[in-house]
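Please read the structure below before turning to the comments.
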Amino acid sequence: MMNNKSPEPSKVIAETAALCGEPFFVSIVPVRNRTPEQVAAEIEEQHRLSGLKNFAVIFPLQPQGERPLDKAEYDAAFFRNLQAARKDLSLKVGILAQQTIGHGAKWNPNFDRGLDWQRMVRNNGETTIRFCPMDPRFQEYISTAIRLVTAENPDFLIIDDDCRLSFLPEKHLTECFCPRHTDHFNRKYGTSYTPEELRKAVDQAKPYDPVQLQFVNSGMETITEYVRLLRKAADEGRPGIPMMLCGCAVDEGRNDVWAKEMAAPGQPSILRIGNGYYLEGPPRAITFRSHTRTARQVLYSSKADLLLDEADTCPHTRYSKSARTMHLHIVTGLLNGLDGAKLWIADTFCPNPSITKPYAAVLKKHQGMYRELHRVMAKFVRRGPVVDLPAQDHAPNPAFPRMSATPAGGWAETYLSVFGLPFRWGKPGEPGVHLIAGETVDWLADAELDRILADPVLLDSEAAKRLIARGYGPKIGLTAVEPLTANSSFEEMKDGTILRQSRSPYTLLKMLPGAEVLSTLKFRPYDSDKLTDVAPASIRFGKIIVTAWPVLQDIRIDLHIDRRKLLIYLLSELEPLPAQFVYDGDAGFWYGDIEGGRLMAAVNYSYDPMEECVFEFAELPKQLAQLQGDGSWKSVPFTVSGSRITVPVRLECAEIAIFKMN
């Protein structure tokens, strides 16, 4: 029964300002080794330190023990006592159902194995510790558990990202092949597989065998039904309670559908995408999460109304993620089109103010920046060459996509994102200069390739090789891409400039008549004056440029000023770059149009501080202003030298600056 003191659910979301165009932030607060009174105090202290207003306490609801509902009843009583202990009732406090099906593996080291309910079965035949959402006993339990906790009037309910079947596709593992899921598959497609036969069919399917995509779609339907079950149970506990889904990256194009199913009528669907970067490595490594993974989910999660960043610090210590990089994660998420973030800045094991304070201080300092950036980004049009990101369903083996989903991000991840060069993400066929690398070709249908190749395109040698195999050789000016066994010393551009060659293995581009050599591999033995041509290093055929070297993931040895210079030259042959961030080190750059001007963001991924920021433009700005933590724009001076400007703004490691100009 709904408590009379409970606010109307539609007002709860409105009061978060999510519907008013402001970013939505929610902070997770653990209950482990805490009393309800301690949790209430911790929530209010987080609010004081950070300015945050939305919080969710953690209740793992996966079944445990001989009487699983004991846990849900305990959680419900805990939340009731927490509510009674609260002093500031203006804050919104919801519940994170941290596990329902169960995360499995290292995230559940003490998972209960006693219940004889159906568990998930993987393609390798292993029965996991995760519960199958089709088991009626589990469904009855989870419905009752959700009813019990939502009846205590939380302001909202978050379902964690164990709500999925995709597990570890990059390790060639997926779920579920239990009898119930097999029966669902057979009924959907009119087949008669046994669980063992279906496992074998999916596990050993050749590329593009329809059985894999059929398996993915069948599994999606079972999770959709599970999500509807959760929504129904939540409504029985508290009618119309706002719900939000935490999604996993491998379910792009599906988790937004599930978020839509979770939303109550008249409320926005809210999806926290799966782009977390914790247990972090060097600052530049954030580019993978803040670029490709985020961009993919923004492109293919359009059915959700609000997309939140996973600015997580898991396992919630400063050894895992620093406050500065948490802020960087949030800002790059907003720059890539997100609407806020799910945060976790408290020690899970027990209260520890020393962990929370640095994160909270950064958040409080930049609340105005987040609001203003989110407002400006609503009309942001990113500029630069297009990195085409095909849908996961187009993968040769869609049941086992990589966590990175597709190698399409190679040009951006390996080069542009750390060279300070502008680029944008797009679905296949978006107009512009296209960047295609390697096996991305295998993810693109002929119709998509026809559309892309009608525009200017930069291809690496591996993409060219795959295109030739599909009959596109005449369109890209090549008859073959063959191994190159000859030695070489450097590349020479058309104007005679010599450049260090790539450390990627060069190939021999067999050109059609009409193809033009843009750079040439040269060989000079022992620095003598004997110089010979070896092979084309890059060629142009109409609007298509092909490099003789492949784009390899994270080939750090290939990053140097000469490779950057060559890439700018090749891209400019197709279309001049609108702008660039000039720095001989790891540097990220966003650039595009906003209402009334242009916006750019520059980030220092290097360990060394930048004493100043240097930018180059096709069109110089007249005025420049930098976004401040409070959301204001401060005019900044700059000096001009030719097409470059120098801005006296210092950037420390992992620090970002945002400018607008006209």
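Brief remarks follow.
- The set of residues in region 637-649 being under 15 Å from M610 (Cβ atoms) and exposed (fewer than 13 other Cβ atoms within 10 Å of the Cβ) consists of P648 alone.
- Note on region 219-237: residues that are crowded, with 20+ Cβ neighbours inside 10 Å and either touching a Lys or Arg at 6+ places or on another chain (Cβ under 6 Å) or of a type in the set (G, A, S) (or both) amount to 4.
- All of (1) within 17 Å of G281 (Cα to Cα); (2) over 16 Å from the mean Cα position of the chain (by Cα) hold for W344 with one exception: (1).
- Close pairs from region 369-390: first farther than 22 Å from E413 by Cβ, partner charged (D, E, K, R) and in a loop (DSSP other than H, G, I, E, B), Cβ under 7 Å, at least 6 apart: R371/E22; H374/E22; H374/D339; K379/E595
- The residue that is surrounded by the most Cβ atoms within 10 Å (Cβ to Cβ), counting only those in region 551-566 that are touching a residue at least 12 places away in the same chain (Cβ under 8 Å) and over 24 Å from T646 (Cα atoms), is V551.
- Selection within region 341-363 - outside any helix (DSSP H, G or I) and without any contact (Cβ under 8 Å) to a residue 12 or more places away in the chain: N352
- The single condition among (1) outside any loop (DSSP other than H, G, I, E, B); (2) aliphatic (A, V, I, L, M); (3) out of contact with any helix residue (DSSP H, G or I) (no Cβ under 6 Å at 6 or more places or on another chain) that L338 does not meet is (1).
- Applying a threshold of 9 Å to beta carbon distances and a minimum spacing of six or more residues, or different chains, the list of pairs starting in region 44-57 at a residue that is not assigned by TED's automatic domain parsing to the domain that holds D312 and ending at one that is outside any loop (DSSP other than H, G, I, E, B) and of a type in the set (S, T, Y) is empty.
- Candidates G281, G368 - the one that is modelled with pLDDT under 90 and over 22 Å from L96 (Cβ atoms): G281
- Note on region 506-540: residues that are out of contact with any Leu (no Cβ under 6 Å at 6 or more places or on another chain), assigned to a loop (DSSP other than H, G, I, E, B) and under 19 Å from L570 (Cα atoms) amount to 2.
- Apart from one condition, F615 fits all of (1) over 23 Å from L328 (Cα atoms); (2) free of Cβ contacts under 8 Å to residues at least 40 places away in the same chain; the exception is (1).
- Options Y569, Y583, Y591: the member that is touching a residue at least 40 places away in the same chain (Cβ under 8 Å) and assigned to a strand (DSSP E or B): Y591
- Once region 286-327 is narrowed to residues that are in a helix (DSSP H, G or I) and of a type in the set (A, V, I, L, M, F, W, C), the residue that is surrounded by the most Cβ atoms within 10 Å (Cβ to Cβ) is M326.
- Given (1) surrounded by fewer than 18 Cβ atoms within 10 Å (Cβ to Cβ); (2) modelled with pLDDT of 95 or more; (3) more than 18 Å from A304 (Cα to Cα), number of the condition P207 does not satisfy: (2)
The values are calculated or read from the model by the stated rules, or taken from the named source; none is laboratory data. None of the values given here were measured: they were computed from a predicted structure. Note that each Cβ is placed from the backbone with ideal geometry, even for glycine, and that neighbours are counted across all protein chains shown.
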